[in-house]
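Chemist: First the structure, which I've put down as structure tokens, then a few questions once you've had a look.
What follows draws every value from the coordinates through simple rules; no lab data is involved. All values reported here derive from a predicted model rather than from experimental measurement. In this analysis, Cβ positions are derived from the backbone assuming ideal geometry, glycine residues included, and neighbour counts consider all displayed protein chains.
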Amino acid sequence: MQKLRAVAGPALAGVLFLLAIRLLVNEAQSITWEEFMAGLTGVPPIYLFFAALLIALNYGLLISYDLLALRYLCRSLPLRRVAMVSFLGYSLGNNLGTLLAATPIRFRFYTRWGLSPSQIVVMISILGLTFWSGLWFLGGTVLVLVPVDLPDQVSLPFGTRTLGIILLSLAIGYLMVCFLWRKPWPIGQLHLRPPEPGLMAVQASVAAVDLLISATALYLVLPGDSVVPFAIVLAAYLVGIAVSMLTQVPGGLGVLELILLTLLKDSVGESVLASVLIFRLLYYIFPLLFGMLTLVAHEIYGGAVQAREAR
């Protein structure tokens, strides 16, 4: 059963990725080359600059995820170390997946700095809980107040407002557990105690700000002549991120683009595909390249230091 679970997850993610790419190609065939180029060239350069700046600030904010997890473990590490591991974990993990990149990086560095494997597993669980708590609170509020009109080809048993109510119910349930439940949660081989209410509030706030910043960067790279409320873009982005995380496709590649194209093309236009690709470059590809260079430089420097100490 363990081998089956280990194979079933990646296999399902692969199937969903291929399905998303096929649907995305079908959607893209209805877009003319002129519309696509208009989307690429229609973004003012100053907006591209501010979008890149927001994404850089966002990756800086992601350090708070690791800091909060260390706070939960009652452990302290130098900020420069936490910042490096956080950036490497998210820049590589956002593109290559949590299991293939983010988790091995954290195990490699945090075990070297004194954390036990079980503590790192708990830490990774808290990182995920921090993200989902912010998505529950922010996504539920946004979708209840600003429900997204789904296209005709997308059929769900309930609307996005109902989805927002479900997310808010999860958020309120998590809040009540943190206030009232003091016994550990049995999660697999782990027994995690609920975070303190103060830590939970900071968790949800940090994750909500993280999502707001990245959605704002997406909003800035939309074509300059598009007129669409930010709330609609935010709601579509939250739906896309949630579905991408649930499918476990690394970086939501193809899945995020398909959902944003489907939800925004009626309000933004067919050129939204170009904007989504620009966002993919700014938020995923460029940090991935910089993260790989940072990791290589660190390993070369660390190897040189060890060789000098050995001599």
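Chemist: Collect residues whose amide H, placed 1.01 Å from N in the peptide plane, falls under 5 Å from the amide H of LEU192; neighbours closer than 5 in sequence don't count.
Modeler: Correct list: TRP185, ILE187.
Chemist: Over region 92-152, one equal point on each Cα, no solvent: what is log10 I(q)/I(0) by the Debye formula at q = 0.13 Å⁻¹?
Modeler: Log10 of I(q)/I(0), two decimals: -0.52.
Chemist: As a test of the definition: which semi-axes, in Å, follow for region 242-286 when you take the square root of five times each eigenvalue of its alpha carbon gyration tensor? Largest first, please.
Modeler: Semi-axes from the Cα gyration tensor: 18, 14, 6 Å.
Chemist: Just rank VAL121, VAL177, fewest to most, by other beta-carbon atoms within 10 angstrom.
Modeler: By the 10 Å Cβ count, ascending, the order reads VAL177, VAL121.
Chemist: Sticking with this structure for a sec: With the crude spin-label approximation of a point 7 Å out along Cα→Cβ, what separation in nm comes out for LEU199 versus VAL305?
Modeler: 2.9 nm
Chemist: Between HIS191 and VAL144, what is the label-point separation in nm under the 7 Å Cα-to-beta-carbon projection?
Modeler: Modelled inter-label distance: 3.5 nm.
Chemist: By counting other Cβ atoms within 10 Å of each Cβ, how are LYS265, LYS183 ranked from fewest to most?
Modeler: In order of increasing Cβ crowding within 10 Å: LYS183, LYS265.
Chemist: Sorting ILE63, ILE285 on the 10 Å Cβ count, fewest up front, what's the list?
Modeler: Sorted ascending by nearby Cβ count, the order is ILE285, ILE63.
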